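The values are calculated or read from the model by the stated rules, or taken from the named source; none is laboratory data. Predicted, not measured: the structure shown is a model, and the values here were computed from it. Cβ coordinates were reconstructed from backbone atoms using ideal geometry, including for glycine residues, and neighbour counts include every protein chain displayed. In case anyone asks, the SASA skips ligands and DNA or RNA and just uses the protein heavy atoms, side chains included. Shrake-Rupley method; radii C 1.70, N 1.55, O 1.52, S 1.80 Å.
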Amino acid sequence: MTFTAPVLEYALLAPMLAIFGGAIIGVLVEAFLPGRLRAPAQLFVSVMAIITSLLLLFRIKGQSSTTPAMASLSFDGAGFLFQASILVIALLSIFLIADQDNFTAAAATVPGSTEEREAHQAQSQTTEVFPLTLFAVGGMMLFPVATDLITLFVALEVLSLPLYLMAGLARYRRLASQEAALKYFLLGAFSSAFFLFGAAFLYGYSSSLTFAGIQQAVLGNAGNDVFLLIGLAFISVGLLFKIGAFPFHAWSPDVYQGSPTAITAFMAAATKVAAFGAILRIFYVSFANAEWQWRPALVLIAIATMLFGSLVAIAQRDVKRMLAYSSIAHAGFLLSGVYALSKSGLDASIFYLFAYGVATVGGFAIVTLIRDSSGEVTDLNRWSGLGKRSPIVASTFAFFLLAFAGIPLTSGFIGKFSIFSAAYESGSLAILIAGVLSSAIAAFFYIRVIVLMFFKDPVEDGTSVVIPSALTTITITISALITLILGVFPAPLVDFIASTASFLR
Amino acid sequence: MNPYNYLYLAGLLFTIGAIGVVVRRNAIVIFMCVELMLNAANLAFVTFSRINGTLDGQVTAFFTMVVAACEVVVGLAIIVAIYRSRRSASVDDASLLKR
């Protein structure tokens with residue numbers, strides 16, 4: 001038996017290698033630099049890694065190959081767009097994460113113990129979040145370009161494991177944060193077991209681990225259809241869990257609420273892009289010809305997800321929980337892009353993912369600013385009258401809420417319009433009606449928050465808006481600008497996506 | 001022996017694991033049940049490898065073991081942290097976030 005060395009196209013892998021390299025340098029920084037220098041050094045390493053990766057990515061714009069790392073990856077227009085979106089969102093989030101007031105001084109200490117107080121007094125910082133973030137970003141970049149089941153599974157875990165840990169690092173309300181980490185971990189591991197079991201049956205069906213091999217088996221109708229159905233169902237459970245679609249959404253409100261808000265922002269935005277990238281690729285490439293097996297189920301899940309998310313969000317009194325349910329509703333809207341199974345559906349999904357991701361980071365960045373003496377204030381009742389005390393912060397938050405609601409002149413409108421028209425073109429009136437209906441319901445609770453902030457009297461209970469640090473200001477400003485520009489002047493990006501987005505088969 | 005019997009066994013193990021995750025209350029036991037599910041998937045991979053006559057499934061089983069080991073590291077760290085704060089590893093006690 002001869003062993004042939006794999007052929008790697010390093011230019012196409014370079015963006016991911018830059019991120020993983022940055023993460024490893026981050027671990028070394030953690031080990032060898034004295035405490036006081038670590039935070040600035042880590043921020044520098046992370047920002048440089050992300051920017052280098054973006055530059056390397058734009059250098060290979062327009063190239064495509066099905067064999068950058070044998071048949072395990074496939075780099076194409078859609079992969080380029082997913083990776084670029086993830087990097088932009090990561091760059092915006094890393095500035096937010098750099099504001100160390102969000103994180104506990106020492107994660108290993110028991111909340112309320114003497115050790116914790118000493119760590120606070122010594123002003124220790126949890127600088128481990130930077131390499132953890134970079135590892136997660138690397139996994140996220142790998143996830144939507146993976147084209148075999150092993151790589152897909154490994155990427156899923158590489159992106160998830162750091163997020164489980166980061167969910168437990170909040171500075172205030174640490175018990176709730178640890179609880180969020182536990183729930184995220186247990187349910188995440190549960191869903192990846194489903195994913196793996198599904199992968200086993202897809203392998204059994206097609207006797208191949210690659211997407212192309214599965215596609216061939218579906219086309220040739222070669223294997224046992226029972227295996228295909230089991231595999232398809234189980235692997236979908238794993239993927240739908242990651243995006244928080246309706247029957248698999250139970251983790252997301254708790255995790256969004258308990259995690260440090262900077263991490264919630266990163267996780268909510270970037271994980272969605274990565275997971276939808278993988279879902280779009282596997283359904284558009286491998287299962288496109290088995291559409292009768294999955295489209296009827298997917299349309300039900302999409303409709304249930306959007307209606308459930310919007311309806312339950314109305315009852316929420318906590319801003320992070322409300323945004324979590326709204327993200328469930330958005331997952332439903334995005335699933336209608338997967339359902340569309342057309343070029344316009346793909347374009348619309350990519351635009352929507354980018355626009356939604358950026359607005360989400362901005363929205364959660366604002367949440368980090370509203371504080372009292374014991375940390376962030378997320379109770380919506382205490383947000384009343386915010387517009388009178390700090391009009392700029394309140395209006396920016398209102399602007400992001402309008403973008404989530406899909407009001408014209410924000411990026412959300414273009415995204416919703418194009419994704420629903422793509423779903424309608426592909427023949428589902430039901431998904432269009434459910435989408436418009438749940439957008440209307442969602443608009444109600446977004447606008448209720450705006451009314452609360454601007455037309456109610458302020459309560460005097462020590463809630464204040466802190467002056468944002470320079471880095472947080474950058475995040476908020478850039479997110480708001482991108483959201484505005486994409487709303488007023490979307491044509492360049494829409495055209496760019498339309499000319500670039502495609503999957504290599 | 002008919003290799004399909006191993007698929008039934010894998011399905012059975014997976015079901016036992018999934019039921020365990022749903023009904024048990026101790027975080028460690030839930031985690032062990034997840035591991036059982038991963039091993040069921042591994043058994044299915046190896047069986048299909050035998051049925052299909054390709055080695056890919058066996059390679060996947062190795063990857064799964066490594067990934068499962070990484071999951072143990074992260075998972076036990078989280079569970080130990082929770083246990084030290086609350087003196088309990090029951091998932092029913094952790095309910096601050098429910099409203």
Return a yes/no flag: does region A:137-148 have any residue that is among the acidic types (D, E), within 13 Å of another protein chain (Cβ to nearest Cβ) and assigned to a helix (DSSP H, G or I). no
Take A:A250 and tell me if it is surrounded by fewer than 24 Cβ atoms within 10 Å (Cβ to Cβ), within 17 Å of A:S326 (Cβ to Cβ) and within 14 Å of chain B (Cβ to nearest Cβ). yes
What number of residues within region A:196-215 satisfy the criterion of being surrounded by fewer than 24 Cβ atoms within 10 Å (Cβ to Cβ) and either closer than 19 Å to B:I19 by Cβ or in contact with a Gly (Cβ under 7 Å, 6 or more places away or on another chain) (or both)? 1
Here are the criteria: (1) at pLDDT 95 or above; (2) within 8 Å of another protein chain (Cβ to nearest Cβ). Tell me which single one B:N52 does not satisfy. (1)
Per the filter on region A:473-505, residues part of a loop (DSSP other than H, G, I, E, B), in contact (Cβ under 8 Å) with a residue 40 or more places away in the chain and open to solvent by 50 Å² or more (accessible area, probe 1.4 Å) are A:S502, A:L504, A:R505
Hey, any hits in region A:58-74 for a residue that's open to solvent by less than 10 Å² (accessible area, probe 1.4 Å) and over 21 Å from A:G21 (Cβ atoms)? yes
Please tell me if A:A470 is among the small types (G, A, S) and open to solvent by less than 70 Å² (accessible area, probe 1.4 Å). no
Within region A:173-189, how many residues turn out to be surrounded by 24 or more Cβ atoms within 10 Å (Cβ to Cβ) and within 7 Å of chain B (Cβ to nearest Cβ)? 7
Would you point out which residue out of A:V237, A:V218 is open to solvent by 20 Å² or more (accessible area, probe 1.4 Å), part of a helix (DSSP H, G or I) and touching a residue at least 24 places away in the same chain (Cβ under 8 Å)? A:V237
Among the residues of region B:76-99, the number that are facing another protein chain (nearest Cβ under 8 Å) and either touching a Leu at 6+ places or on another chain (Cβ under 8 Å) or more than 15 Å from A:A180 (Cα to Cα) (or both) is 10
Is region B:57-67 home to any residue that is open to solvent by 20 Å² or more (accessible area, probe 1.4 Å) and at the interface with another protein chain (Cβ under 8 Å from one of its Cβ atoms)? yes
Number of positions in region B:5-15 that are within 12 Å of chain A (Cβ to nearest Cβ) and either touching a residue at least 24 places away in the same chain (Cβ under 8 Å) or in contact with a Phe, Trp or Tyr (Cβ under 8 Å, 6 or more places away or on another chain) (or both): 6
Kindly indicate whether A:Y446 is free of Cβ contacts under 8 Å to residues at least 24 places away in the same chain, among the aromatic types (F, W, Y), farther than 30 Å from A:S72 by Cβ and surrounded by 15 or more Cβ atoms within 10 Å (Cβ to Cβ). no
Given the criterion modelled with pLDDT under 95 and over 20 Å from B:I30 (Cα atoms), identify the matching residue among A:L187, A:L219, A:L182. A:L219
Taking region B:4-17 and the residues there that are touching a helix residue (DSSP H, G or I) at 6+ places or on another chain (Cβ under 6 Å) and open to solvent by less than 90 Å² (accessible area, probe 1.4 Å), the one that is nearest to A:A181 (Cα to Cα) would be B:G17
Anything in region B:18-33 that is in contact (Cβ under 8 Å) with a residue 24 or more places away in the chain and buried (at least 19 other Cβ atoms within 10 Å of the Cβ)? List them, or say none. B:A27, B:I30, B:F31
